[in-house]
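Take a look at the structure set out below.
The values are calculated or read from the model by the stated rules, or taken from the named source; none is laboratory data. Owing to the predicted nature of the structure, the values given are computational and were not obtained by experimental measurement. Ideal geometry is used to build each Cβ from the backbone, glycine not excepted, and the neighbour counts take in all protein chains shown.
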Amino acid sequence: MGTFQPRVEPLNSSAMVPASFEVVEKHQDTADVWTLELVATSGEPFEFEPGQFTMLAAGGAGEVPISISGDPDKPERLVHTVKAVGLATAAICAAEPGQALSVRGPFGRRWPVDQLDGADVMIVAGGIGLPPLRPAILRLLARREQYGRLLLLYSGRSPDELLFTDELEEWSQRGVEVMVTVDAASAEWDGHVGVVTRLVRHARLEPAALVAMTCGPELMMRFLVAALSAQGIRADRVYVSMERNMQCGIGRCGHCQLGPTLVCRDGPVYRWPEVSPWVAIREL
Amino acid sequence: MRTIDELITDSPTFAGLEPAQLEFIAGCGRNEHVEAGTMLMRVADPADRFWLIRRGIIVLELYLPGREPLVIETLEPGDVVGWSWLFPPYRWALDGRAHGSCHLITFDGVCLRQKCEADHDLGFALMTRFANDLVGRLQATRLQLADVYGNVPAPG
C-alpha cells in the first residue's frame, strides 16, 4: 500500500477520436449547474464504470474532463452534470437538446464498489463532487444487500447550491443514511450548518468495517482524512477522486502529473496513501 | 434511569474520564428540557454555564444589523455548547437558539471552574478535552472560511 504501480493499457479508438453524441435531455440543477443526457449518434450504448470521466466538448470551446454522473447499469444514456465555471463548461451547459457534443472516453480508474462486500461504505461529497459519486451510489443501491451501512455525507456552500435534492430523499428511503450540511445558511434552513468533517463525529463509525469514498475540493478531502483518522479509520481505507489539469485523457501529455502518477490514467480514483505525499506540495 | 455522570460519557468530550472525575463534573450539571426557539445565550450576556446536547439541535447564530441572522453552525447530540464561561470577561460571543425541543445537560460553569481550580488533575483532564474540541471547531471554521465550494478563478 502506498507504492504506486502505474497501469499501461493499450489505447482504443474511443480514447483518441471523439465520438458524436446528441443532447437528448437537459435540466438545470442549480444556478450554474446543469445535467445533460446524451445519446451516441451511432446508437451504441456507452459502457463505463463508476468514477470514470470523459473528455467532453461543445463546438470549438475546448475539451474538458467531466465525470460521468449517470447510472452505470443504464449505458444507453451518457449523463453528465456540469458546473459552468469557464468557457468550455459554459458552452457545454448552454448546449440544448438536439445539439451535438463530442465525447472521448471513458477514462480513468473507478471507485472500488465491486470490492466492498460486507463493508460499511461511507460516501463523502462536497459541492460538485457529488455527481462523480452518483454512479457509485446507484451501483451500491443496486446491490444493497452486499454491503453493511451505507452513509452519504454531503456538503454544499448553501441550501440553494445542493444537488440532486429529490434523489437524496429517495436514497434515504432506500437505506442510505443521508446527512447533509451547508457552510452557511439563513435561519430558515432546517438542516445542518457547518463543514462536512463535523458530520463524521456524529456518524458513529466502525473503523474496521468502514471504507470511505470522497470527492470534492482537495482541501475538504484533506480535512476529511484527518477527521476520519481521529475516528480510528486508516488512510488506506479512504478512496479519493483527484482533479488535475487533464487534457489528453490517456496518459500521454503529462499535464495532469501528480508525483509519480498521471491522474487521467492512474486516477482519478486513488487510495489516499497513493497521493497523500504529493497533495500538500505547493510546487506540484 | 441513567444518572448525569453516566449520560455525559455519551459525549466524545467527556468519554474516557475517570469515574470519580465524571461524578465530580456531574455534580455541576442538571437535566433540562427547552422548547423550540429558546435562546440559550445571547451575545454579551453573562456566560456562567454551558450545555451538553442529549437530544435536539442548537443553532449558533450571528446577528447582523439590517440582515437576517446568519447561522454559523448547528450543534448535535454529544456536542458541548458554549465556551465563554471558561475565559474572562465571561460574556457570550454568539447567540444560541434551540432548533426544535431539546434535551440538555446544563452545567454551572462557575461551579466547574472552581472545581478545576481546586483539583488540577481534573482541570487538566477537562481543559485537554475542551482544547481538543476547540481545535476541532477551529479547523472546521478554517475550512468553512476557505469557501471551498465557491467559484475560484484559475491562477495566472
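Can you tell me how many residues in region A:207-256 are of a type in the set (A, V, I, L, M, F, W, C) and not in a helix (DSSP H, G or I)? Full working, then the answer.
Taking region A:207-256 first, the residues of a type in the set (A, V, I, L, M, F, W, C) are A:208-213, A:215, A:219-221, A:223-228, A:230, A:233, A:235, A:238, A:240, A:242, A:246, A:248, A:250, A:253, A:256.
This time we only want the ones that are not in a helix (DSSP H, G or I), so: A:208-213, A:215, A:233, A:238, A:240, A:242, A:246, A:248, A:250, A:253, A:256.
So the answer is 16.
Name the residues in region A:117-135 that are outside any strand (DSSP E or B) and either in the same structural domain as residue A:75 (by TED's automatic domain parsing) or under 20 Å from residue A:30 (Cα atoms) (or both), would you?
Answer for region A:117-135, where residues must be outside any strand (DSSP E or B) and either in the same structural domain as residue A:75 (by TED's automatic domain parsing) or under 20 Å from residue A:30 (Cα atoms) (or both): A:127, A:128, A:129, A:130, A:131, A:132, A:133, A:134, A:135.
Search region A:207-227 for residues being under 18 Å from the mean Cα position of the chain (by Cα) and more than 12 Å from chain B (Cβ to nearest Cβ), and hand back the single one that is surrounded by the most Cβ atoms within 10 Å (Cβ to Cβ).
Looking at residues that are under 18 Å from the mean Cα position of the chain (by Cα) and more than 12 Å from chain B (Cβ to nearest Cβ), I get A:215.
Of the residues in region B:35-46, how many are among the aliphatic types (A, V, I, L, M) and over 21 Å from residue A:194 (Cβ atoms)?
1
Looking only at region B:8-43, which residues are of a type in the set (Asp, Glu) and closer than 23 Å to residue B:92 by Cα? It would help to see each step written out before you state the result.
Initially, region B:8-43 is screened for residues of a type in the set (Asp, Glu), giving B:10, B:18, B:23, B:32, B:35.
Selection gives B:32, B:35.
For the structure I just gave you, tell me whether residue B:99 is farther than 21 Å from residue A:195 by Cα and in contact (Cβ under 8 Å) with a residue 12 or more places away in the chain.
no
For region A:151-176, which residues satisfy the criterion of being part of a helix (DSSP H, G or I) and more than 10 Å from chain B (Cβ to nearest Cβ)?
The answer is A:159, A:160, A:165, A:166, A:167, A:168, A:169, A:170, A:171, A:172, A:173.
Got a number for residues in region A:257-279 being assigned to a helix (DSSP H, G or I) and under 19 Å from the mean Cα position of the chain (by Cα)?
So the answer is 10.
If I filter region A:231-262 down to residues being free of Cβ contacts under 8 Å to residues at least 40 places away in the same chain and among the β-branched types (Val, Ile, Thr), which single residue comes out as farthest from residue A:108 (Cα to Cα)?
Per the stated criteria, the residue is A:233.
Do you know which residues across region A:177-206 are outside any helix (DSSP H, G or I), under 23 Å from the mean Cα position of the chain (by Cα) and touching a residue at least 40 places away in the same chain (Cβ under 8 Å)?
Answer for region A:177-206, where residues must be outside any helix (DSSP H, G or I), under 23 Å from the mean Cα position of the chain (by Cα) and touching a residue at least 40 places away in the same chain (Cβ under 8 Å): A:195, A:203, A:205.
Test residue B:109 against the stated conditions and say whether it is in contact (Cβ under 8 Å) with a residue 24 or more places away in the chain, crowded, with 18+ Cβ neighbours inside 10 Å and within 14 Å of chain A (Cβ to nearest Cβ).
Details: in contact (Cβ under 8 Å) with a residue 24 or more places away in the chain: yes; crowded, with 18+ Cβ neighbours inside 10 Å: yes; within 14 Å of chain A (Cβ to nearest Cβ): no.
No, not satisfied.
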